[in-house]
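These notes concern the structure reproduced below.
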Amino acid sequence: MTKRAYQKFERNKRDFYRTPYAAVVPLLPHLPKQTRFHEPCAGDGALIRHLEKFGHICTKAGDLVPADDPNEPDIGIQIQNALTLDNCGGEMFITNPPWHRDALHPMIDKFCELAPKTWLLFDADWMHTKQAIHYLETKCRRVISVGRVSWFGGSVGFDNCCWYEFGHKIDQPIEFFARAA
């Protein structure tokens, strides 16, 4: 039986899900003050707004199809394909990427090529799959448990999530940070 056995769940087009504030909070203690970051899968800018509330600075933001949030001021999200970037517009990438592995895995490779550090928010189950082994062994430095995330505004979430830090792997084990109270 799967987690969704009793649920009818149809994925949103392009895997677009607004990043909830609760999913961002566990990352905050792991970011240096006033982190300058590039958000390559910005959607409607929710993640950017959450991080900027804590003094972090988005230096570049883009998405294949930026989504306007009519309730928020324009923050300048450019049309861009994260897989064709040729530089990081900040100290690091921070994003909630598409979870489809055919997009996610090339993004991990691309971002690690362009920046010393990348933080990605996606499902915790990924780290328990065979397809994750290569990335865990060669690129993953830290994993921060977020827990179950509600992506649909108030409903119960289906997936436990983590923030994964990727970069050039140093010869040490991955650091795991348990879910905070």
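The values are calculated or read from the model by the stated rules, or taken from the named source; none is laboratory data. Since the model is a prediction, treat every value here as computed from it, not as a measurement. Ideal geometry is used to build each Cβ from the backbone, glycine not excepted, and the neighbour counts take in all protein chains shown.
Miscellaneous remarks
- Matching residues, segment 18-47, being aliphatic (A, V, I, L, M), in a helix (DSSP H, G or I) and closer than 13 Å to residue 119 by Cβ: 23, 24, 27, 28, 47
- Residues that are buried (at least 18 other Cβ atoms within 10 Å of the Cβ) and closer than 17 Å to residue 91 by Cβ were ranked within segment 111-140; the one that is nearest to the chain's Cα centre (by Cα) is 120.
- Here residue 54 clears all of (1) within 17 Å of residue 89 (Cα to Cα); (2) outside any helix (DSSP H, G or I); (3) modelled with pLDDT of 95 or more; (4) not charged (D, E, K, R) except the condition numbered (1).
- Every pair of residues 6+ apart whose Cβ atoms lie under 6 Å, when the first sits in segment 72-83 and is aromatic (Phe, Trp, Tyr) while the second is surrounded by 13 or more Cβ atoms within 10 Å (Cβ to Cβ) and at pLDDT 90 or above: none
- Every residue from segment 86-130 that is of a type in the set (S, T, N, Q) and farther than 22 Å from residue 145 by Cβ: 87
Here is a yes/no grid of residues against (1) within 21 Å of residue 20 (Cβ to Cβ); (2) in a helix (DSSP H, G or I):
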| site | (1), (2) |
| --- | --- |
| 108 | no, yes |
| 111 | no, yes |
| 122 | yes, no |
| 131 | no, yes |
| 137 | no, yes |
| 144 | yes, no |
| 147 | yes, no |
| 163 | yes, no |
| 172 | no, no |
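- Qualifying residue in segment 116-126 (condition: of a type in the set (Phe, Trp, Tyr) and touching a residue at least 60 places away in the same chain (Cβ under 8 Å)): yes
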